[in-house]
Structure formats: C-alpha cells, structure tokens
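Shown next, in structure tokens, is the structure this report addresses.
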Amino acid sequence: MAGEDDADDVVQDTFLRAYHRLDRFRGDGAFRAWVLQIAHNTALSTAGRQPVGAVSLSELEDEPAAAPAGTPADQVEGRERRRRLDVKVKGLSPQHRAVLVLRDIEGLSYDEIAHVTDTPVGSVKARLHRARGQLIDLLRRNTYDWELPGER
C-alpha cells in the first residue's frame, strides 16, 4: 500500500511498533490481523494521509517459476499485463485499494479486514464490491489489452 519507495520503511516501522506494543495485544483476534492493522496505519501515516500507492503486483509473486512458461514474447507480454494491472489498481481510492489487496491478494477474511482497517464488516463488503466493480470498469476501458468482453 505504501509503494515501492516507502515499503521498506513501513515494514521496519511496523515491526518496531508491534514489538514495543506487544503488551497491548489482547489476544481476542488473530495476531496476523493485529500486525496488519499496525502496518495499515503505518502506511497511512507514512503517506501523510494522502492517497497511498498500491502494492506492485510483481512484488506479490512469492517465488519465481522454476522453469519459464511460454516463449520469451509470452513472458514479456505477461510482465506488461501485470504492470498495466498494477497501474489500474493504483487508480482506485485508498479505501477500495486496501480492501481489494487485503481480501483478494492477502486472503484475509472480512472480519480480519474490518479489524485491520477499523471499519464495520458491512462497509468492508460494500467497499470490496465497489472496488471490484471499479477495477473491472477500468480494465474494460482498454479491452484490447485485457481481451475482456465489453458490457452487454
């Protein structure tokens, strides 16, 4: 959420804050959600409450594939599509981008996202629905790149 330039600083600040606040962890929720809430707040404060960038999709790949799939042209096209998708995701509002990344990329439950973002579960679901709709609309604007059918 902080973008490539600030990500390392946000991670370091997050773990320092979590370490110094371990006595505040009540254990009523998942430890992961508690740390992600600190990371979310740290990313927002680092950006000075201005819109924050999205996680680069290339950073989300856990491990590179053992053997490259397809031809070199296919690999270049795949990287270009991921780059374009990254740009489209960064075009979402910070609230929509946050719930989309936490749910669809990080795999958190609605309750965990509500805890991390400090919003009601209903708001999380509504934001996620709007975020997905906005992303689809952004992708449909350039159907040549994404091979998506137009609206029917």
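Among the residues of the stretch 67-122, those that are among the small types (Gly, Ala, Ser) and within 23 Å of Ala43 (Cβ to Cβ) comprise Gly91, Ser93, Ala98, Gly107, Ser109, Ala114.
Working only within the stretch 17-55, note down all residues that are among the small types (Gly, Ala, Ser), crowded, with 16+ Cβ neighbours inside 10 Å and modelled with pLDDT under 80.
Step one: filter the stretch 17-55 for residues among the small types (Gly, Ala, Ser), giving 18, 27, 29-30, 33, 39, 43, 45, 47-48, 53-54.
Applying the additional criterion that residues be crowded, with 16+ Cβ neighbours inside 10 Å yields 18, 33, 39, 43, 47, 53-54.
Once the filter is applied, which keeps residues that are among the small types (Gly, Ala, Ser), crowded, with 16+ Cβ neighbours inside 10 Å and modelled with pLDDT under 80, the stretch 17-55 yields Ala43, Ala47, Gly53, Ala54.
Scanning the stretch 83-122 for residues being within 17 Å of Ile38 (Cβ to Cβ), in contact (Cβ under 8 Å) with a residue 40 or more places away in the chain and crowded, with 19+ Cβ neighbours inside 10 Å gives a total of 8.
The values are calculated or read from the model by the stated rules, or taken from the named source; none is laboratory data. As the structure is a computational prediction, the values presented were derived from the model and not from experiment. A quick note on method: Cβ atoms are made from the backbone with ideal geometry, for glycine too, and the neighbour counts reach across all protein chains shown.
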